[in-house]
Amino acid sequence: MNVDMILKYQSLDSDMFKIEKGLRENQNKKKADELRESMKASQSRSVKLEENAGRLLKEIDKVKGQVKLQQEKMQEFLSKDLDKMSKEEIEKLNSLKDKLSQNLSILEKNLTSLAENMNAVLADFNKTIKNFNIAKEEYAKRKQAYDNDVAETEKKKAEIAVKLGELAKSIESNVMEAYQKRRKENVFPVLVPLNGNSCGGCHIELPFANVTKLNEEGIITCEHCRRLVYVK
């Protein structure tokens, strides 16, 4: 087992890992992701506000229709000739008129309340759209900045990848396969030394049988952290 070659591979791969980690933790990327989520939230809220506005408009139209109907009835009663009516009829008419007045008052209050709710919904909608546009503009800037950061590292990554490819040819395929599997999981370093009888990655002591196997084969997998352990 040629441990020196895989260690050399890992040493070079550490530069690639740093670049990848830097891009994952890139502040422009993080901010762009936050802004994208903010935009999604704004879109979702604007849809709900539009639905609320539509519902309120239907309610307003309904109340307006009721107000118009009550007003027509009131006008009908007011147009009646009281001189041709009996005392009982006049009393009944006044009672109906009072009831209509109360209904109108209630409907007008409902209409005012609905109008206030509509204004609040429209104000919230306009604010939501404004916030969306602000986030969209800032997102475009952050996204472009991150894309520039990525572009700056592409050449270096490509150069490292070529060198890694050449080194991989000199490493046992099973070891390389095990290394790459853990590397894809962002485990780094993948290869760690045996310190005493403990894994150099998670520092947990290995079973005696595993240490014996390690001394025989040169590299084993830590049962705890899944790193590849080698003997110095």
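Descriptive notes on the structure:
- When each of S38, S95, S101, S113 is tested for being closer than 30 Å to R142 by Cβ, small (G, A, S) and either assigned to a helix (DSSP H, G or I) or in contact with a helix residue (DSSP H, G or I) (Cβ under 7 Å, 6 or more places away or on another chain) (or both), the lone residue that passes is S38.
- Test for K62: is it exposed (fewer than 15 other Cβ atoms within 10 Å of the Cβ), in the same structural domain as K97 (by TED's automatic domain parsing) and more than 32 Å from the chain's Cα centre (by Cα): yes
Condition check ((1) of a type in the set (G, A, S); (2) closer than 30 Å to A168 by Cβ) across all residues:
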{"residue": "V3", "(1), (2)": "no, yes"}
{"residue": "M16", "(1), (2)": "no, yes"}
{"residue": "K31", "(1), (2)": "no, no"}
{"residue": "K40", "(1), (2)": "no, no"}
{"residue": "G54", "(1), (2)": "yes, no"}
{"residue": "Q71", "(1), (2)": "no, no"}
{"residue": "K80", "(1), (2)": "no, no"}
{"residue": "D83", "(1), (2)": "no, no"}
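- Only one entry in E138, E154, E108, E116 is in contact (Cβ under 8 Å) with a residue 40 or more places away in the chain, more than 20 Å from D33 (Cα to Cα) and assigned by TED's automatic domain parsing to the domain that holds L23, namely E108.
- Filter pass, N94 being closer than 30 Å to K232 by Cβ and surrounded by fewer than 16 Cβ atoms within 10 Å (Cβ to Cβ): no
- Within the stretch 146-158, considering residues that are loosely packed, with under 12 Cβ neighbours inside 10 Å and of a type in the set (D, E, K, R), the one farthest from L228 (Cα to Cα): E152
- A single entry from N215, N197, N174 fulfils the requirement of being touching a strand residue (DSSP E or B) at 6+ places or on another chain (Cβ under 6 Å) and of a type in the set (S, T, N, Q): N197.
- Residue under evaluation K31, criteria (1) loosely packed, with under 12 Cβ neighbours inside 10 Å; (2) at pLDDT 80 or above, criterion not met: (1)
- Per-region count, the stretch 172-199, residues crowded, with 18+ Cβ neighbours inside 10 Å and assigned to a loop (DSSP other than H, G, I, E, B): 3
- Taking the criterion of being in contact with a helix residue (DSSP H, G or I) (Cβ under 6 Å, 6 or more places away or on another chain) and not β-branched (V, I, T), the residues of the stretch 125-135 that qualify are F125, N131, F132, A135.
- Whether a residue is exposed (fewer than 15 other Cβ atoms within 10 Å of the Cβ), closer than 30 Å to K68 by Cβ, modelled with pLDDT of 90 or more and aliphatic (A, V, I, L, M) was assessed, and L122 passes this test.
The values are calculated or read from the model by the stated rules, or taken from the named source; none is laboratory data. Values in this document were obtained by computation on a predicted structure and should not be read as measured data. Every residue, glycine among them, receives a Cβ derived from its backbone with ideal geometry; neighbour counts consider all protein chains shown.
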